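Below is one structure, written out as structure tokens; the observations come after it.
The values are calculated or read from the model by the stated rules, or taken from the named source; none is laboratory data. Note that this is a predicted model, so its numbers are computed, not measured. Cβ atoms come from the backbone with ideal geometry, glycine included; neighbour counts cover every protein chain shown.
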Amino acid sequence: AEPEVVNSRKALWARAQKDVSDEEYAEFYRHVSHDWREPLETIRLSAEGTFEYQALLFLPSHAPMDLFLREGRRGVQLYVKRVFIMDDCEALVPEYLRFVKGVVDAADLSLNISREILQQDRQIQLIRKRLIKKVLSTVKTMLADEPEKYSTFWSELGRAVKEGLISDYDNRDAILEICSFASTHDAEHETTLRDYLARMPEGQDTIYYATGPSRSALEKSPHMEAFRAKGYEVLLLTDPVDEVWVESVPPFEEKAFVSIAKGEVDLGGEEVDDEAKAAFSELLSWMGTALADDVKEVRLSHRLTDSAACLVGDPGDLTPTLEKMYRAMGQEPPKIKRILELNPRHALVTGLRDAQSGQPADDAGQRDTAQLLYGMALLAEGGELAEPAAFVAVLSRRLEQALS
């Protein structure tokens with residue numbers, strides 16, 4: 001078939017920006033995107049010299065219906081000297097910017113170039129890099145100058161953009177600059193990382209975050225107690241993609257991302273002194289043995305103020321939410337034992353210590369209480385009991401004993 005030559009009257013990207021009306025842009029956007037709504041933002045860029053191109057890009061005001069479908073449309077239209085080459089040129093935009101629509105018109109490509117060759121073409125790679133930087137800088141300007149427009153962009157498309165934190169190492173810093181996250185600072189409005197850093201109290205040197213299925217679940221998590229008591233802000237990350245990128249990104253402005261549910265947390269609050277450690281050492285050793293099939297360690301907690309117990313992982317361990325995601329994809333995650341932390345000031349823990357010190361090591365009632373503490377900690381963080389019926393049986397026994 002003969003190459004299709006674009007009517008010069010319709011080649012908006014070849015006309016001076018001042019000569020193109022908003023309505024013409026909107027009409028062209030509807031043509032290339034098949035979206036009846038007006039675009040959120042129009043982006044023009046061009047280059048001259050060693051290689052020449054013109055680009056007219058659009059950011060949609062709503063997430064495309066196929067944004068998260070594997071067979072969804074990707075990429076922008078490619079022209080060479082106003083001759084149409086192909087729709088959906090995926091080589092020009094990365095997967096995480098798949099919602100970007102528009103046209104790239106290159107001057108020096110072959111008219112017979114194939115999709116396979118495009119992936120390796122140096123000019124295409126250079127154009128791609130410039131398109132990425134232009135889109136990200138446009139969103140950054142939007143964040144600073146048009147917060148309402150940015151809010152629309154982020155609520156509709158932010159989940160896709162965050163995929164770039166996993167796949168685009170070169171632009172991670174630029175992507176982090178335009179991200180917004182829910183946090184404990186404000187229930188209504190999300191925060192940027194720069195605003196988070198500006199609010200950090202003296203002495204805080206890390207960015208604290210929690211991952212989970214919902215804001216409500218995270219706010220009620222036992223892991224949050226000490227941070228709430230100290231007034232430390234915590235990012236609340238509830239998108240599935242958050243579980244992956246937050247473990248892999250480098251520090252932001254020299255501040256590392258630290259999970260409130262992993263590792264040892266010391267917020268400079270009430271210390272667990274040597275006397276307390278000695279008082280609980282026998283209980284910790286006994287519970288470590290009693291729960292050996294479920295946990296790798298039982299220790300006293302710095303992070304609990306109200307709850308009796310919580311489960312924590314080591315840095316790099318899978319979270320309960322990530323384990324559920326693996327199972328939903330038909331993959332059984334590796335069995336990882338976690339750490340059970342006990343609140344040495346909670347009546348249930350001190351009561352178990354006192355009861356355990358005067359009873360045989362194999363007392364059934366104490367073993368039941370240890371199992372209940374573990375099960376409660378697992379449920380409180382949104383985990384799933386391996387044997388719910390067994391947990392209910394233990395709970396029933398303890399209730400009967402308490403009432404008899």
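No other residue among Glu243, Glu264, Glu254 is on the phi > 0 side of the Ramachandran plot and out of contact with any Lys or Arg (no Cβ under 8 Å at 6 or more places or on another chain) apart from Glu254. The set of residues in region 189-203 that are surrounded by fewer than 18 Cβ atoms within 10 Å (Cβ to Cβ) and out of contact with any helix residue (DSSP H, G or I) (no Cβ under 8 Å at 6 or more places or on another chain) comprises His189, Asp195, Leu197, Ala198, Arg199, Met200, Pro201, Glu202, Gly203. For the subset of region 147-192 comprising residues that are assigned to a helix (DSSP H, G or I) and closer than 13 Å to Leu237 by Cα, which member is nearest to the chain's Cα centre (by Cα)? Top of the filtered list is Arg159. The number of residues in region 374-404 that are under 17 Å from Lys220 (Cα atoms) and modelled with pLDDT of 85 or more comes to 6. Of the set (1) of a type in the set (Ser, Thr, Tyr); (2) within 19 Å of Ala308 (Cβ to Cβ); (3) within 15 Å of the chain's Cα centre (by Cα), all apply to Ser221 but (3).
Restricting attention to region 226-239, the residues that are crowded, with 19+ Cβ neighbours inside 10 Å and part of a helix (DSSP H, G or I) total 2.
The criterion of being touching a residue at least 12 places away in the same chain (Cβ under 8 Å), within 13 Å of Gln204 (Cα to Cα) and among the hydrophobic types (A, V, I, L, M, F, W, C) holds for Val258.
Before we move on, is Arg74 over 19 Å from Thr152 (Cα atoms) and free of Cβ contacts under 8 Å to residues at least 40 places away in the same chain? Reasoning before the result, please.
Values: over 19 Å from Thr152 (Cα atoms): yes; free of Cβ contacts under 8 Å to residues at least 40 places away in the same chain: yes.
Here the answer is yes, as Arg74 does meet what is asked.
Just to be sure before I move on: is Lys81 touching a Ser or Thr at 6+ places or on another chain (Cβ under 6 Å) and either within 24 Å of Ala174 (Cβ to Cβ) or of a type in the set (Lys, Arg) (or both) in the structure I sent? Here the answer is no, as Lys81 does not meet what is asked. Considering only residues in region 353-373 that are at pLDDT below 90 and of a type in the set (A, V, I, L, M, F, W, C), the one that is nearest to Leu399 (Cα to Cα) turns out to be Ala364. Thr152 meets all of the listed conditions (1) β-branched (Val, Ile, Thr); (2) at pLDDT 95 or above; (3) closer than 29 Å to Thr50 by Cα but one, namely (3).
Could you pull out the residue among Thr211, Thr206 that is surrounded by fewer than 16 Cβ atoms within 10 Å (Cβ to Cβ) and in contact with a strand residue (DSSP E or B) (Cβ under 7 Å, 6 or more places away or on another chain)? Before the answer, list the steps.
Values: Thr211 fails: surrounded by fewer than 16 Cβ atoms within 10 Å (Cβ to Cβ).
None of the others qualify; the one that does is Thr206.
Is region 292-300 home to any residue that is among the basic types (Lys, Arg) and not assigned by TED's automatic domain parsing to the domain that holds Glu323? Scanning region 292-300, I find no residue that is among the basic types (Lys, Arg) and not assigned by TED's automatic domain parsing to the domain that holds Glu323, so the answer is no.
Residues checked against (1) in the same structural domain as Asp317 (by TED's automatic domain parsing); (2) touching a His at 6+ places or on another chain (Cβ under 8 Å); (3) within 26 Å of Ala144 (Cβ to Cβ):
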| site | (1), (2), (3) |
| --- | --- |
| Ala198 | no, no, yes |
| Ser216 | no, no, no |
| Lys220 | no, no, no |
| Glu233 | no, yes, yes |
